[in-house]
Amino acid sequence: MSSSKLREIKVFYAPAPLKTFCRYTPPIDLGLQNMSIFLYYRKRELGVDRSFLRRYHASAIFHRIRIQPDVSQREIIERTGFDKSTVSSIVNEFIEQGLVERRAKVSASGRGRPSEGLIIAPGSGLLVGVEVEANELIFVACGLDGAVLAERVLPFDGQLAGVETVIAHGVDDLVQMAGSEARVLGIGVSLPGLVDMDGALVHVPALGWRNVDILDRLTQACTAPVYVGNDGQATAMAENMFGACVDLENFIYMFSGSGVGGGLFLDGTIYKGAGGLAGELGHIKIVPQGRFCTCGAAGCLSAYLSDSALIEEISRLGQNRPASFEHIIDMAGAGDPIVLNVLDHAGEVLGSAISSLINIFNPPLVLLGGDLATAAPYLSGAVDKALRRLAHPAMYKAGIVKFAEPGVGGPRLSGIALALDGVTHAAGSQILP
C-alpha cells in the first residue's frame, strides 16, 4: 500500500461491545482478546480521533435514553459496554446542556429507596419533519424524544418552482402551532425518489423532478439545519427509531403508495450503497418483458403493486374504475371478485419479490408498510403461499414477514427520523458534547 493511501486509514482500538465505530464503516474483528480494530477513513494524519469517538459514545447514550425512558446509568453501561466514567461524564454534560433530566423512579414492588432514571428533557429542542408526496405535504413537529407536538397536511401541486419557500413557510407555521419556545434543531425532508449522498435529488418519477440540488435550495430558504433523504430509507430509519423495529440491527422495510420503495437496515444502520441510492425495491424485476414502469424499464415490482398499477389493472378487467386506493379497499371489502383477484395476484408478485430479498439478505424481519399494510387482509394469504414456494426453507419461517399497523409509526415520522439522525450523528452532530 502506498504511503498516500496509508495516510487515509486510521486504526482504532476499542472495547469489543462497541459493534460499529463509524456508522458507515463496519468493524473488522481480528480476534484480539477483548479488542476489535476499527478502520475509519479520514484524510488526516494517522492517530486517534478522540472527539469523534466521544461523539459516538454520546450518540449511543442519547438514543438509549430516548428509546428507554427512565433508564439508569448502570443499565446504559450494561447495554452499551461503555465504561462507567465515560457514561457518567457524558450524562453529566447532557444534563448541563439541558438535554437530559434525572428523575426518581420507584421499583415495581414500591419497596426500597427510589432510584434515578434518565429522560430526554421536555422542551430541549424541536424537530420538524416534512414528507413530500405527489399531491400533499405532511408536516410533523416533535420533541427530541419523538413525541408528536403538532401535525399539518397541505395540498401540493407538485411544482418544483418555489417548493423550498412553501416548505419553509409550512415549517414556520407548524412551529407556531406546536406552541413550544424550544429552538428548532433540525428539519428533515423525506422525498419520494432518488437522493444521493450530497443531498441532490436525482429523480422523482411521481413528480417529474430530475437533477435538483434540493438540499441547497432548502438550506437557503430555512433557518434551521436541513437534512434530506429518500422516503423509503427514511421510513426504515423511523421504524428503527420509533416503530416496530426499535433495537433491531437487521431488517428490511417495504411500502407501497404512488410507487413501491423501501430501505435495507443492515448491521445497525441504513444501507445506502455507493452513491446513496440503495433500497429501490420497487424496481426489482419480477416479470421479464412485463409492464412498463415509470423508471423506463419493464417488469418492475412497482408496475404491478403501486396504487396506479392496481387501479389500471382493475379498470382493464372490469367496468368500474376505482377513484383511489381507498376505493379499491372499499370494493374489496364489499367482495368485488375482480378486485379480490387483482389483489391476490398482487400478493403473489409481492411474495416473489420478498422471497428474493430473504434469499439474498437472510433478514430476521421484513416489515411491510404504507398501502401494503392497509391491504394486508387481501394480500397476506397469497404472500405466504409464494414465500413457502420460493424462499429458501433454511431462511424462511413463519412470522419473518409482518404487516405494519396501518397509519402508525414510520411513514409520518420519516422526516423526523432524518432530522433526529442529522442532529445526533456522531460525524456531524449539532448537539452532542
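The values are calculated or read from the model by the stated rules, or taken from the named source; none is laboratory data. What you see is a predicted model, and the numbers here were worked out from it, not measured in a lab. Note that each Cβ is placed from the backbone with ideal geometry, even for glycine, and that neighbours are counted across all protein chains shown.
See the values below:
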read-out	value
Among the candidates Gly229, Gly262, Gly186, residue that is of a type in the set (Gly, Ala, Ser), crowded, with 24+ Cβ neighbours inside 10 Å, part of a strand (DSSP E or B) and more than 12 Å from the chain's Cα centre (by Cα)	Gly186
Unmet criterion (only one of (1) of a type in the set (A, V, I, L, M, F, W, C); (2) in a strand (DSSP E or B); (3) without any contact (Cβ under 8 Å) to a residue 12 or more places away in the chain) for Val153	(3)
Residues that are in contact with an Asp or Glu (Cβ under 6 Å, 6 or more places away or on another chain) and surrounded by 17 or more Cβ atoms within 10 Å (Cβ to Cβ), drawn from the range 265-306	Gly276
Single residue of Ile416, Ile360 found to be closer than 30 Å to Asp198 by Cα and touching a strand residue (DSSP E or B) at 6+ places or on another chain (Cβ under 7 Å)	Ile416
Residue ID - nearest to Arg183 (Cα to Cα), chosen from residues in the range 98-118 that are at pLDDT 90 or above and of a type outside the set (Gly, Ala, Ser)	Leu99
Test set (1) in a helix (DSSP H, G or I); (2) touching a helix residue (DSSP H, G or I) at 6+ places or on another chain (Cβ under 7 Å); (3) surrounded by fewer than 19 Cβ atoms within 10 Å (Cβ to Cβ) - Ile360 fails condition number	(2)
From Ala375, Ala382, residue being without any contact (Cβ under 8 Å) to a residue 40 or more places away in the chain and within 19 Å of Ser256 (Cα to Cα)	Ala382
Test for Ile76: is it among the aliphatic types (A, V, I, L, M), part of a helix (DSSP H, G or I) and surrounded by 17 or more Cβ atoms within 10 Å (Cβ to Cβ)	yes
Identity of the residue in the range 375-398, over 26 Å from the mean Cα position of the chain (by Cα) and part of a loop (DSSP other than H, G, I, E, B), that ends up farthest from Asp330 (Cα to Cα)	Ala394
Matching residues in the range 304-325 - criterion: being part of a helix (DSSP H, G or I) and in contact (Cβ under 8 Å) with a residue 24 or more places away in the chain	Tyr304, Leu305, Asp307, Ser308, Leu310, Glu313, Ile314, Leu317, Phe325
Selection status of Leu340, surrounded by 20 or more Cβ atoms within 10 Å (Cβ to Cβ) and in a helix (DSSP H, G or I)	no
Leading residue by the ranking (nearest to Ala182 (Cα to Cα)) among those in the range 124-136 that are in a strand (DSSP E or B) and within 18 Å of the chain's Cα centre (by Cα)	Leu127
Per-region count, the range 265-299, residues in a loop (DSSP other than H, G, I, E, B), in contact (Cβ under 8 Å) with a residue 60 or more places away in the chain and either touching a Lys or Arg at 6+ places or on another chain (Cβ under 6 Å) or among the polar types (S, T, N, Q) (or both)	1
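This table checks each residue for (1) in contact (Cβ under 8 Å) with a residue 40 or more places away in the chain; (2) in a loop (DSSP other than H, G, I, E, B); (3) among the small types (Gly, Ala, Ser).
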site: Cys142; (1), (2), (3): yes, no, no
site: Gly146; (1), (2), (3): yes, yes, yes
site: Asp157; (1), (2), (3): no, yes, no
site: Thr165; (1), (2), (3): yes, no, no
site: Val171; (1), (2), (3): yes, no, no
site: Glu181; (1), (2), (3): yes, yes, no
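To keep it simple, each residue is scored yes or no on (1) assigned by TED's automatic domain parsing to the domain that holds Pro337; (2) over 24 Å from the mean Cα position of the chain (by Cα); (3) among the hydrophobic types (A, V, I, L, M, F, W, C).
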position	(1), (2), (3)
Met254	yes, no, yes
Gly257	yes, no, no
Lys285	yes, no, no
Pro288	yes, yes, no
Ala309	yes, yes, yes
Ser315	yes, yes, no
